[in-house]
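The values are calculated or read from the model by the stated rules, or taken from the named source; none is laboratory data. Every value quoted in this text rests on a predicted model; they were computed, and no experiment measured them. We place every Cβ from the backbone using ideal geometry, glycine too, and count neighbours over all the protein chains shown.
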Amino acid sequence: MNFHDPVDREIKQLLNAKRKDLIIPDAVQLAMENALSSISEQKVKKKYPHKKWRWAAAVIALFFILGAVSIYSVPTFGEMIRSLFAKDNPDIGLLRAQELGLVHNPHIKVKDKGYTLVIDEAVADPTRVTMALQLFDKKGKHDRYKLLLGDLNNITIKDANGKDLDTMYDMGYTNDFYYMVAFFNEPLQTDKITIEGNIGTLGNRNEPSIEGDWNFSFDIDMREANQQTKIEELSGSYTTPHGMTVTLKRLTRMVQGVRFELETELNDAAMARSPGDLWEKQMLSFHFETIENEEIHSVNSRKNGDMVSLMSTDYAVIGDGKIRWSYIFKYLPEHEPYRFILDGYSVAETDGSRISFRPSDLIEPKAFQILTDRIELVGTSLEDSQNPDATFETAVSFYGEMDNEINNEEWKAYDSAGKQYDVSKWGISTLKNTLSNNWREGFISMGNRDTQQPYEYRIMGLDHIPEELILVRRVVDKRYKDPDWSVMLK
């Protein structure tokens, strides 16, 4: 097409504007250009004005672009450009950012080696940064598994002074884009952030890698998001029957989330059960509900079908026996009252429970009750060692029904001669006997009886099966579920 008059220039501007917004496969782009170039060569009947014919041809060409791209896109063009705010990806924080006009379009489009990296949506506030990244091949198809983040590729966030704040990672959730996020345990205090992508390698582990340059960088102004931050001081304190005092501190409301802060303190008796740094290994269980007793969010619950919207959690030791906790949720009610309910907590404590047995006797399962936990041994075997300098190690297979938590427990093993060995654990655990209306009941099931896949104690350094074995739980991750406290928040 020869663009010599104003009409031609308008048509060119229209087509170029639309083409820039799309990732057009090479084959489609060539066919489109051929179609457009042939328009000027066609003889137009006199009853059609020359100007109208040109515009009609331009519209036809534009529909050709859209139609061709939708054919090349899998599954559909509409799904390929689906927003972060689609119905199947509900996120109250992101929706609020959209309502406030805080969705940033950095207009990132980087091409190399037949692949195009595109970023059209990014949201940032002191809580988190969220970004939709797409990667298109030559055919205009989004490749969801071509980009791996780690040592070779990374996307970092920097503050206004160039200081690294965090690294983004892919949350998954959708095949339409790489759902890139970074959560901040402490709210950001900066007027500007810079998002830098260092992308030089494409390809998954099952195919040859492609080297190229898909680096990008863009800034996001944080001042408007910062102005939306509101702080609410909280009040309320409670001491549990076993010596933990819980004190509510404050709420910090931000565009994409709400930060909930509280402090815990153990009394002398509780500290005596957790000498050294054991007392620092804690976990809190609580939930929020409406005044109609409808669940809003739960944290570390054993409830069947609990509501979870926790984005990040952090804690800091602020004194002897004292910890400051921070939880960031996607949402907490702002204009109506709701209730905080403490369901329980766990603390690592000294134990000393023993399991003594002869491996040759495990022809039949043998059960042991230790505190409120039940462990059923089902066998012993020699397995390949985890230590590259050793050949074998002893594995004790078992099924467990644990009322206590298991993350912070510590075990030791002793052979017939009294020699001590370190113990690690292998296996899958799930919650069992949970209820849909109770946040405290249920137990942790270690191993899967249905598939006959027991859990294992791996005794490192024990390269033979002794006549007698003693397993000692030196530290129990003690779970307390007897708090009786709730606070109305407004």
Legend entry - Single unsatisfied condition, residue 384 versus (1) in contact (Cβ under 8 Å) with a residue 12 or more places away in the chain; (2) within 36 Å of the chain's Cα centre (by Cα): (1)
Legend entry - Close pairs from the range 423-448: first over 15 Å from residue 400 (Cβ atoms), partner acidic (Asp, Glu), Cβ under 6 Å, at least 6 apart: 435/441; 439/343; 440/343
Legend entry - Candidates 141, 111, 163, 146, filtered to the one that is surrounded by fewer than 16 Cβ atoms within 10 Å (Cβ to Cβ) and under 17 Å from residue 212 (Cβ atoms): 111
Inset, instruction - Residue by residue through the range 209-252, note down the ones that are assigned to a strand (DSSP E or B), surrounded by 14 or more Cβ atoms within 10 Å (Cβ to Cβ) and among the hydrophobic types (A, V, I, L, M, F, W, C). - result: 210, 216, 218, 220, 244, 246, 248, 251
Legend entry - Those strands (runs of 3 or more DSSP E) lying entirely in the range 321-372 with at least 2 residues exposed (fewer than 15 other Cβ atoms within 10 Å of the Cβ) and either assigned by TED's automatic domain parsing to the domain that holds residue 405 or modelled with pLDDT under 95 (or both): 338-357, 366-370
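Please pick out the residue among 177, 184 that is among the aromatic types (Phe, Trp, Tyr), modelled with pLDDT under 95, buried (at least 21 other Cβ atoms within 10 Å of the Cβ) and touching a Ser or Thr at 6+ places or on another chain (Cβ under 9 Å). Reasoning before the result, please.
Working: 177 fails: touching a Ser or Thr at 6+ places or on another chain (Cβ under 9 Å).
From the options 177, 184, the qualifying one is 184.
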Legend entry - Close pairs from the range 92-116: first touching a residue at least 24 places away in the same chain (Cβ under 8 Å), partner among the charged types (D, E, K, R) and assigned to a helix (DSSP H, G or I), Cβ under 7 Å, at least 6 apart: 102/224
